[in-house]
Amino acid sequence: MKKQFFALAMSFALAASAAAQVTVREPWIRATVPAAQATGAFMELVSAQDTRLVEVSTPAAGIVEIHQMALQGDRMMMSAVDGIDLQAGKPVALASGGYHIMMMDLKRQMKAGETVPMTLVFQKKDKKRETVEVQVPVKPMSYVAPKHQ
Ligand SMILES: [Cu+2]
């Protein structure tokens, strides 16, 4: 399953650009209850060159933002950020309690077991853009992602 996903991600990346640089590892979306308007998507990003995640979109949500969770006083608050910098070779985790992709204005319930397409746009300092398409599995609300490193 994992191997299959990698092959898929690689072929999309190669199709987008011969010099595709960003690998998306173990992406997942948290399942929702029927009336929910929002949920989060999580993954690990690693780029061969310095770049920046600047935009995310998916047909499953009307609004997609890049969010960061941070302690403000004694409360965990989340806020939208312009992007996430990726340093060459340094994996960046989008995980509970940190960065995440915020999917809002959901078009439908996110059900565990289904797969949702998502487009990630990266931009380098020279303004060159790279688009990476990923198929993101929806995981149960109780899902806890495996820890890296
Ligand atoms: Cu958020």
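Results, tabulated for the structure shown:
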| item | result |
| --- | --- |
| Residue satisfying all of: in region 65-96; within 11 Å of the ligand (Cβ to nearest atom) and not in a strand (DSSP E or B); least open to solvent (accessible area, probe 1.4 Å) among these | Val81 |
| Residue selected from region 47-61 under the condition touching a Lys or Arg at 6+ places or on another chain (Cβ under 7 Å) and assigned to a strand (DSSP E or B), by the criterion nearest to Ala88 (Cα to Cα) | Thr51 |
| Qualifying position, being open to solvent by 20 Å² or more (accessible area, probe 1.4 Å) and in contact with a helix residue (DSSP H, G or I) (Cβ under 8 Å, 6 or more places away or on another chain), among Gln109, Gln135 | Gln135 |
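The values are calculated or read from the model by the stated rules, or taken from the named source; none is laboratory data. What you see is a predicted model, and the numbers here were worked out from it, not measured in a lab. Positions of Cβ are backbone-derived with ideal geometry, glycine not excepted, and every protein chain shown enters the neighbour counts. The accessibility values were calculated without ligands, DNA or RNA, using every heavy atom of the protein model including side chains. Shrake-Rupley method; radii C 1.70, N 1.55, O 1.52, S 1.80 Å.
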